[in-house]
Each structure stands twice: as C-alpha cells, then as structure tokens.
Amino acid sequence: QKEVEQNSGPLSVPEGAIASLNCTYSDRGSQSFFWYRQYSGKSPELIMSIYSNGDKEDGRFTAQLNKASQYVSLLIRDSQPSDSATYLCAVNEDSNYQLIWGAGTKLIIKP
Amino acid sequence: EAQVTQNPRYLITVTGKKLTVTCSQNMNHEYMSWYRQDPGLGLRQIYYSMNVEVTDKGDVPEGYKVSRKEKRNFPLILESPSPNQTSLYFCASSLAGGWETQYFGPGTRLLVL
C-alpha cells in the first residue's frame with residue numbers, strides 16, 4: 001500500500017516566522033511531488049511542484065526534496081495570516097496516472 | 001475562464017435514491033478524476049479517466065460509477081447511495097495525468113440520510 005504521511009497539526013506559527021511542513025512517502029519509485037493549499041470549504045490549489053532532489057524556490061515558498069530519505073518539505077518564509085490553511089502533499093509514481101495524497105497539515109499563522 | 005465546474009454544490013438525499021454529480025472542464029484536458037474528502041483521511045481517489053471511453057478504478061470505487069463519453073464531461077453516479085457515502089466530493093482535471101497540476105472543481109457536499 002503506497003502511503004503519504006503528514007502531521008495533521010495544527011501547526012501554529014507566529015506571523016513573520018518560517019513555517020515548515022513535512023511529508024514522507026513510502027514508494028521509492030515516486031518521481032513527482034506536489035504541495036497544494038486548501039482553505040476551509042474550498043478546493044485544493046497548487047502551490048509548488050518539485051521533481052528532482054534539492055530546493056525549489058518560488059517567492060516566499062521553498063520546496064525541498066530528498067529522495068534518499070523519502071521526504072519532501074515546504075517552507076513558508078515571512079508567514080502571513082493569509083497562509084492559514086491546510087497543506088496537502090501529493091506524490092506520483094513515475095508517469096503513473098494516480099496521485100497519492102497525504103491527509104494534510106493544518107497551518108495556523110497567529111498575528 | 002479556464003475552470004472545472006461541478007453540480008450540484010450541495011445535495012441532501014435519502015438512502016437508495018440514485019443520483020448523479022456532474023463535472024465539466026473547458027481546458028481540453030485528457031485526464032479527469034473524482035475524489036472524496038473525509039476528515040482525517042485526506043483526498044481519496046474514486047475513479048479516474050485517461051481519455052474518452054477510458055476509465056479506471058481509484059482507491060475507493062465501491063458504490064460509484066463513472067462514464068466518459070465526451071472529453072469535457074465526467075459524471076459521478078451513485079446508483080444506491082448509503083450514509084457512508086456522505087462526504088465532500090471533488091472533480092479534478094489535468095492535461096494528461098497524475099504527474100501534472102490538478103485543477104479542481106469547487107466541490108459537492110453530499111449528505112445521505
């Protein structure tokens with residue numbers, strides 16, 4: 001059974017600090033990794049995708065991938081109250097049609 | 001505007017009464033899928049379709065049917081709904097498959113009494 005694990009939280013972070021979200025996955029054949037943000041009552045939307053080991057930065061967001069240790073993380077710098085949401089990690093095996101999703105981490109940014 | 005639409009957005013029904021949730025995308029995407037989301041369980045894939053007339057089971061297909069007669073539409077059918085199908089349902093589409101950005105519809109909240 002392929003699994004993607006996330007700490008459900010809530011993770012509480014002061015405004016302006018760095019929020020660090022982690023995700024581990026079980027399938028070593030995984031090749032594509034995604035972070036989606038989901039506001040309460042809304043649908044998920046893509047924040048970052050990462051395909052190779054290392055860091056990928058986009059504005060205040062940095063995704064980090066370590067395939068040897070089978071984890072992917074998302075860092076949010078200068079956290080804002082608008083970043084408060086549930087963050088979903090999703091993993092795809094090499095060109096497989098399915099995505100495997102984690103249950104999500106609820107992030108709360110405190111003003 | 002590029003989008004995925006779902007109807008209805010909210011639905012209350014009774015056990016055993018057949019229902020259909022429609023999903024339509026206007027982005028000419030090949031890949032479409034249905035998910036259910038339950039507290040603490042995250043998104044679980046019900047069915048997916050790689051192209052017209054090509055569908056496959058996801059992780060939780062029991063009690064559901066789908067069809068893909070046209071590229072843009074991917075309806076979800078509950079032939080005989082039961083209370084354990086009470087959930088939040090999302091339709092999603094992408095250009096070709098699970099390795100690409102998924103675009104989600106707004107969701108359908110279903111309550112089966």
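I'd like the residue in the stretch A:5-16 that is within 17 Å of the chain's Cα centre (by Cα) and part of a strand (DSSP E or B) and, out of all such residues, is surrounded by the fewest Cβ atoms within 10 Å (Cβ to Cβ). The extreme case among them is A:12. A single entry from B:53, B:70, B:1, B:30 fulfils the requirement of being under 20 Å from residue A:46 (Cβ atoms) and free of Cβ contacts under 8 Å to residues at least 40 places away in the same chain: B:1.
Applying the set (1) without any contact (Cβ under 8 Å) to a residue 24 or more places away in the chain; (2) not in a strand (DSSP E or B) to residue A:2 leaves exactly one unmet item: (1).
Within the stretch A:17-31, the set of residues being farther than 17 Å from residue A:104 by Cα, surrounded by 15 or more Cβ atoms within 10 Å (Cβ to Cβ) and among the small types (Gly, Ala, Ser) comprises A:30 only.
Selection of strands (runs of 3 or more DSSP E) fully inside chain B by the criterion of at least 2 residues being touching an Asp or Glu at 6+ places or on another chain (Cβ under 6 Å), within 21 Å of residue A:34 (Cβ to Cβ) and within 11 Å of chain A (Cβ to nearest Cβ) returns B:42-51.
Quick note: the coordinates plus some simple rules give every number you see, no bench work behind them. Everything numeric here is computed off the predicted structure, so don't read it as measured data. Note that each Cβ is placed from the backbone with ideal geometry, even for glycine, and that neighbours are counted across all protein chains shown.
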